[in-house]
1. Could you run through segment 20-48 and say how many residues are in contact with a strand residue (DSSP E or B) (Cβ under 9 Å, 6 or more places away or on another chain) and outside any helix (DSSP H, G or I)?
2. Mind checking which residues of segment 189-216 are assigned to a loop (DSSP other than H, G, I, E, B) and in contact with a helix residue (DSSP H, G or I) (Cβ under 6 Å, 6 or more places away or on another chain)?
3. Hey, among 224, 230, which residue is part of a loop (DSSP other than H, G, I, E, B), modelled with pLDDT of 65 or more and surrounded by fewer than 16 Cβ atoms within 10 Å (Cβ to Cβ)?
4. If residue 13 satisfies all but one of (1) part of a loop (DSSP other than H, G, I, E, B); (2) within 30 Å of residue 103 (Cβ to Cβ), what's the number of the condition it fails?
5. Just a yes or no: is a residue in segment 135-155 modelled with pLDDT of 95 or more, touching a helix residue (DSSP H, G or I) at 6+ places or on another chain (Cβ under 8 Å) and surrounded by fewer than 17 Cβ atoms within 10 Å (Cβ to Cβ)?
6. Residues in segment 87-98: is at least one on the phi > 0 side of the Ramachandran plot, surrounded by 12 or more Cβ atoms within 10 Å (Cβ to Cβ), in the same structural domain as residue 156 (by TED's automatic domain parsing) and at pLDDT 90 or above?
């Protein structure tokens, strides 16, 4: 069978490509990982922080593979021609999730969300700062597994909207190069009252950073590095079950 394999962030640098195609006689995600770990030993050292996805959904290592599957190796997470969005999901309740490679238009998104019943809107913007622990930053580059990222944002946003007394929620992340002071992410939440909008926006950014496959490379005046992050603990436990094999994630 033929399997398409995608690599992102630091993992792409390790294997030397963003995409590969492999022929297999059968097996699981663990079988596939072990094959690449044998070719690229650095993957073994990162095994505890790598998550795998099959056909754009997180999957445990014992998941069987089938002909035509698409598998993504995901390191820890730290978008029409007339649209600014490369990927977009807008549901029947007015929730809005998108990826873009141009500056995020906060006011336009807030206008899209607001309804007459709303008495508050909380808009959180994450912006690029000029240093990390005193080390001068020149700019950032963001990349992601786009089709899966917008799908995960939508699932996450709808879950949060259902758990808080809010009207609508928007999550928009920018990709590509960002300069100092530019916004990389927006979480906007409307609600009849202010407290639920604050709480939902805070939960939104905290969970997005651990669940959505987006990676950041920071460029300094004296070098560059993929920024360390971490997956949500529950996701790691579900995706990386204990096993007896010598090579374990």
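1. Residues flagged as in contact with a strand residue (DSSP E or B) (Cβ under 9 Å, 6 or more places away or on another chain) and outside any helix (DSSP H, G or I) within segment 20-48 amount to 8.
2. Step one: filter segment 189-216 for residues assigned to a loop (DSSP other than H, G, I, E, B), giving 192-193, 212-213.
Selection gives 212, 213.
3. Numbers: 224 fails: part of a loop (DSSP other than H, G, I, E, B).
That would be 230, the only listed residue that is part of a loop (DSSP other than H, G, I, E, B), modelled with pLDDT of 65 or more and surrounded by fewer than 16 Cβ atoms within 10 Å (Cβ to Cβ).
4. (1)
5. No.
6. Going residue by residue through segment 87-98, those that are on the phi > 0 side of the Ramachandran plot are 94.
Remaining after also requiring surrounded by 12 or more Cβ atoms within 10 Å (Cβ to Cβ): 94.
From the residues that got through so far, the ones that are in the same structural domain as residue 156 (by TED's automatic domain parsing) too are 94.
Imposing the further condition that a residue be at pLDDT 90 or above reduces the set to 94.
Yes, the conditions are met somewhere in segment 87-98.
The values are calculated or read from the model by the stated rules, or taken from the named source; none is laboratory data. All values reported here derive from a predicted model rather than from experimental measurement. No Cβ is skipped: glycine too gets one built from the backbone with ideal geometry, and neighbour counts run over all protein chains shown.
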